[in-house]
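Everything below concerns the one structure shown next.
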Amino acid sequence: MFTNEGPIFQQLAAMIADGIVNGTYLEETAVPSATDFAAFHRMNPATASKGVNTLVDLGVLYKKRGVGMFVASGAREILRAQRRDEFRKKYLQPLLRETAVLGITTGKLHSMIDDEGQDPR
């Protein structure tokens, strides 16, 4: 479940965020507590709290005192917008720089993408 790729608290935050984006955790519904995540994943409770608080700081989760942690209204769109921006920076910008170096036109790039989408690998 967790890898050596980055801090565990960031991996936990990403896992919870994935659950929000894919609909596992719906807006205005409860998510497991940091204590629950810590017990389930057998991690230090402070690490789990740090992961959950990362999403609180983003405005994606909020705490109802005495009740638990909840997914904020608009959380899914916040995360999707953040991921679209990361996708553009991490993949599209380098792709477009490389196509310019190789002399690949926008039309040819579209054609290549269409071909890859149809390839049943």
Original post:
Identify, please: which residue in the stretch 1-40 is free of Cβ contacts under 8 Å to residues at least 40 places away in the same chain and of a type in the set (Ser, Thr, Tyr) and is, among those, nearest to Glu77 (Cα to Cα)?
Top reply: Thr24
**OP:** Scan the stretch 58-94 for residues that are hydrophobic (A, V, I, L, M, F, W, C) and surrounded by 15 or more Cβ atoms within 10 Å (Cβ to Cβ) and jot them down.
**Re:** Leu58, Val60, Leu61, Met69, Phe70, Val71, Ala72, Ala75, Ile78, Leu79
Original post:
Does any residue in the stretch 77-88 that is closer than 14 Å to Leu55 by Cα come within less than 7 Å, Cβ to Cβ, of a residue that is in a helix (DSSP H, G or I) and of a type outside the set (S, T, N, Q) six or more places away or on a different chain, and which pairs are these?
Top reply: Leu79/Ala17; Leu79/Ile20; Leu79/Val21; Arg80/Val21
Subject >> Residue check, Phe87 in contact with a strand residue (DSSP E or B) (Cβ under 9 Å, 6 or more places away or on another chain) and either modelled with pLDDT under 95 or not polar (S, T, N, Q) (or both) >> reply: no
Original post:
Any residue at all in the stretch 16-24 that is in contact with a Phe, Trp or Tyr (Cβ under 8 Å, 6 or more places away or on another chain) and not in a loop (DSSP other than H, G, I, E, B)?
Top reply: yes
Subject >> Yes/no for Gly68 being in contact with a strand residue (DSSP E or B) (Cβ under 8 Å, 6 or more places away or on another chain), in contact (Cβ under 8 Å) with a residue 12 or more places away in the chain and at positive phi >> reply: yes
**OP:** Report yes if Leu55 is in contact with a helix residue (DSSP H, G or I) (Cβ under 8 Å, 6 or more places away or on another chain) and surrounded by fewer than 17 Cβ atoms within 10 Å (Cβ to Cβ), otherwise no.
**Re:** no
Original post:
When the stretch 25-36 is examined, which residues are found to be outside any strand (DSSP E or B) and under 17 Å from the mean Cα position of the chain (by Cα)?
Top reply: Tyr25, Leu26, Glu27
Original post:
Of the residues Ala81, Ala100, which is more than 29 Å from Asp18 (Cα to Cα) and in a helix (DSSP H, G or I)?
Top reply: Ala100
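The values are calculated or read from the model by the stated rules, or taken from the named source; none is laboratory data. Bear in mind that the values here come from a model prediction, so they are computed numbers and not experimental data. Note that we place each Cβ from the backbone using ideal geometry, even for glycine, and neighbour counts take in every protein chain shown.
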